[in-house]
Structure formats: structure tokens, C-alpha cells
Amino acid sequence: MQDENCIFCKIAAGEIPSATLYEDEDFRVILDLGPASKGHALILPKEHYRNLFDLDEEIAAKAMILAKKMICVMKEVLGCDGYNVVQNNEEVAGQTVFHFHMHLIPRYKDDNVGLEWNVGSLSDEDKEDILNKLREYRG
Ligand code: AMP
Ligand code: ZN
């Protein structure tokens, strides 16, 4: 299903032009218009899913396999030194376009791409709280 108000649905369907690196029946891979580094790409499923919370499991599996294939090829093409695969879910986590996508971000030595976070420490209280809640959880 597509969402008629979703720009990534239109891009994935080819209704809006994009710099397409790869396409198959399930996905289109495009260059991000606001790249974090040279070659930053997005994997877009052709079906509309808001994010990972409602992503079809078969598409999720295929997306990860495609991410692996893309970064292996693009590492050679771009001559980069590494890759971050990033995927944001909901506004609080940085999602700005509400159609599931995976960021493939090439990394170059000294590129200053800032994906760091402040490293905390796991307290005994948090650890016990989380493990207990999970034990009690009935999904
Ligand atoms: P996120 O913040 O994880 O939702 O990522 C959205 C990404 O989509 C950002 O990196 C934007 O630069 C990118 N973006 C937004 N609109 C377009 C577009 N029309 N074509 C390509 N990339 C886009
Ligand atoms: Zn969509």
C-alpha cells in the first residue's frame, strides 16, 4: 500500500525523480539530498510503512540483506573506509520522514560526521528494572 501524502512513496514509485543507485520490485535506493557524507544513500521500500515498528518482517529481512550488498559495492565504488547503517524511528529518535528508510552513510577518515552520543554507565538499578519488566512482559 502507498500513502498518497508520502514523498518517499512517490520517490520509491518513480513518480518523483531521484538519483537512484539501485531498484528492484521491493526497494529503491537513492542518494540523500542532505548527505552526511559523500555517497549517503537511503533504502526505501516501495510499500509504505511508517517505520520499523510496523515494517513487514519479510521486507525487514530483505532490507538488511540489501544494506549489506549496497555497502559492500559502494565501499569499492566510493573508496570509503567504513559505513554507518542508521535507522530512526519516531520524532524523538530523529525521524523526519515517516516512511521507513535505512541510512547508508559512508565514512572517510577524519570526515567529522557526528553520530556520537554521550556514553553513560549501566546502573544496577536500571539493569534490574529492565530485566524484571521484560520478564513480566507478555507481548
Ligand atoms: P530521517 O531524519 O531518518 O527521517 O531521514 C530523512 C532523510 O531524508 C534526511 O537525511 C533527508 O536529508 C532525506 N530527504 C528528505 N527528503 C528527501 C528527498 N526528497 N530526496 C532525498 N532525500 C531526502
Ligand atoms: Zn510512504
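The values are calculated or read from the model by the stated rules, or taken from the named source; none is laboratory data. Everything numeric here is computed off the predicted structure, so don't read it as measured data. Cβ sites come from the backbone with ideal geometry, for glycine too, and all protein chains shown count toward neighbours.
Taking the options L131, L122, L104, L78, name whichever one is away from ligand 2 (no atom under 16 Å from the Cβ), in contact with a strand residue (DSSP E or B) (Cβ under 6 Å, 6 or more places away or on another chain), hydrophobic (A, V, I, L, M, F, W, C) and over 14 Å from A36 (Cα atoms). Can you show your working first?
On the way: L131 fails: in contact with a strand residue (DSSP E or B) (Cβ under 6 Å, 6 or more places away or on another chain); L122 fails: in contact with a strand residue (DSSP E or B) (Cβ under 6 Å, 6 or more places away or on another chain); L104 fails: over 14 Å from A36 (Cα atoms).
Going through L131, L122, L104, L78 in turn, just one is away from ligand 2 (no atom under 16 Å from the Cβ), in contact with a strand residue (DSSP E or B) (Cβ under 6 Å, 6 or more places away or on another chain), hydrophobic (A, V, I, L, M, F, W, C) and over 14 Å from A36 (Cα atoms): L78.
Between D3, D24, which is more than 12 Å from ligand 1 (Cβ to nearest atom) and loosely packed, with under 12 Cβ neighbours inside 10 Å? Lay out the reasoning, then the answer.
Values: D3 fails: loosely packed, with under 12 Cβ neighbours inside 10 Å.
Every option except D24 fails the conditions.
Can you find a residue that is loosely packed, with under 15 Cβ neighbours inside 10 Å, under 30 Å from I71 (Cβ atoms), under 15 Å from the mean Cα position of the chain (by Cα) and modelled with pLDDT under 95 anywhere in region 99-122?
Yes: region 99-122 contains one or more residues that are loosely packed, with under 15 Cβ neighbours inside 10 Å, under 30 Å from I71 (Cβ atoms), under 15 Å from the mean Cα position of the chain (by Cα) and modelled with pLDDT under 95.
Among the residues of region 31-76, which ones are among the small types (G, A, S) and under 26 Å from N112 (Cα atoms)? Quick ask: steps written out before the conclusion?
The first filter runs over region 31-76 and keeps only residues among the small types (G, A, S), leaving 34, 36-37, 39, 41, 60-61, 63, 67.
Within region 31-76, G34, A36, S37, G39, A41, A67 qualify.
In region 46-59, what residues are surrounded by 14 or more Cβ atoms within 10 Å (Cβ to Cβ) and in a helix (DSSP H, G or I)? If you could, list the steps in order and put the result at the bottom.
From region 46-59, those surrounded by 14 or more Cβ atoms within 10 Å (Cβ to Cβ) are 46-52, 55-56, 59; that's our starting set.
L52, I59, listed by residue number.
May I ask you to verify whether K62 is over 20 Å from Y108 (Cα atoms), charged (D, E, K, R), surrounded by 12 or more Cβ atoms within 10 Å (Cβ to Cβ) and more than 16 Å from ligand 2 (Cβ to nearest atom)? Walk me through how you get there before you give the answer.
On the way: over 20 Å from Y108 (Cα atoms): yes; charged (D, E, K, R): yes; surrounded by 12 or more Cβ atoms within 10 Å (Cβ to Cβ): yes; more than 16 Å from ligand 2 (Cβ to nearest atom): yes.
For K62, the condition - over 20 Å from Y108 (Cα atoms), charged (D, E, K, R), surrounded by 12 or more Cβ atoms within 10 Å (Cβ to Cβ) and more than 16 Å from ligand 2 (Cβ to nearest atom) - is met.
Please state which one of N132, N89 is under 18 Å from the mean Cα position of the chain (by Cα) and surrounded by 10 or more Cβ atoms within 10 Å (Cβ to Cβ).
Details: N132 fails: under 18 Å from the mean Cα position of the chain (by Cα).
The match here is N89.
Suppose we filter L44, L66, L31 for residues that are over 19 Å from G94 (Cβ atoms) and under 12 Å from the mean Cα position of the chain (by Cα); which single one remains? If you could, list the steps in order and put the result at the bottom.
Details: L44 fails: over 19 Å from G94 (Cβ atoms); L31 fails: under 12 Å from the mean Cα position of the chain (by Cα).
The match here is L66.
In region 1-45, what residues are within 13 Å of ligand 2 (Cβ to nearest atom), part of a loop (DSSP other than H, G, I, E, B) and free of Cβ contacts under 8 Å to residues at least 40 places away in the same chain?
E4, N5, A13, E15, I16
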